[in-house]
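Read through the structure below, which is laid out as structure tokens, and then see the notes.
Where a number appears in this text, it was derived from the coordinates with a stated rule and is not lab data. What you see is a predicted model; the values in this text were computed from it and never measured. Cβ sites come from the backbone with ideal geometry, for glycine too, and all protein chains shown count toward neighbours.
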């Protein structure tokens, strides 16, 4: 660490978080990454994170060490994994997802946290406000809860005669209650029945589809939860097997053979998480870095899957699509 940067850190002794940097290897600070899913499922996230770190001048394996901890979809493991990274200790703790961010915040009030989430970080106590985080956490927020009503409207327009529309969620996700409430309000506004189906492990997915079929739901919306998001291929197969058209917030779903995705574009927001992490390593404080908000939304449609399911995609919807998979 350069002398000037070291003096800067000492000058901020009134704020406890920079002191964690003293435990780092000379010239090679350590970042801890806390992920709710698995390494394979978060490959794209890590790629964009590394790009942002590179923009800030840090390259993993060269002048930076990254310690990865994965919950493998088991949210109950997150507190222990976060505590393990805090004991390491790391200079910055990156949290992928709202539930991981909540666990990180509970684990430390001193080590800086940079999160990426679709939940409301103010409501969940991660920051005081978006413009002035006022604590040891900041990050990037993508459109998550704000889009669930639009996803419901999309499936309602596509399947207007559906007896009900199902919403597959992980009840252990910290954003589930808010998203379910938003979905419920959208259903009430359209006079449509909403069926909330829950899954807390991969073993629950087949049973969830059995419930959807039994309750005669004619369409399905997938929550952007790591457990669910990391199994887009399996969900596409289950959807096709049961003839249930579904929409996911992730473009990986139609790419894997699902019908459609409608959700936030995450690449730039995750890159910013890397940039913020690098800036903090150079001496900036999370409290001085406003939470960034992504605004770009993507619609992807798999036309081949629509034909297989017997779903007619309106020309107006096709015209709105950012990508159509033949």
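Key figures
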item: Distance in nm between pseudo-label sites at residue 163 and residue 39 (7 Å out along the Cβ direction from Cα); result: 4.6
item: Beta bridges per DSSP with both ends in the chain, % antiparallel, nearest 5; result: 15
item: Angle between the chain longest axis and helix 145-158 axis [Cα atoms, degrees, rounded to 10]; result: 20
item: Kirkwood Rh, angstrom, the chain [1 / mean 1/r, Cα pairs]; result: 20.4
item: Convex hull of Cα atoms in the stretch 180-263, direction-averaged projection (nm²); result: 5.2
item: Crossing angle, helix 232-242 versus the chain [Cα axis fit, 0-90 degrees, rounded to tens]; result: 10
item: Share antiparallel - DSSP beta bridges, the stretch 242-326, percent rounded to 5; result: 50
item: P(r) tail fraction, the stretch 79-183 - alpha-carbon pairs more than 15 Å apart, %; result: 65
item: Full-extension gain in nm, residue 214 to residue 134, via 0.36 nm per residue minus C-alpha separation; result: 23.9 nm
item: Residue among 313, 113, 221 with the largest mean-square fluctuation in a Gaussian network model of the chain, springs linking Cα atoms under 10 Å; result: 313
item: MRE, 222 nm, helices only [DSSP H, n ≥ 4, -39500 (n - 2.57), over the chain, to nearest 500]; result: -11500 deg cm²/dmol
item: Folded to 0 to 90 degrees: helix 43-55 orientation relative to the chain principal axis, Cα; result: 40
item: Estimated FRET transfer efficiency (residue 322, residue 185; beta-carbon r; R0 25 Å; 0.05); result: 0.40
item: For peptides 88-96, 275-283, 62-70, sequence by mean Cβ density within 10 Å, most packed first; result: 88-96, 275-283, 62-70
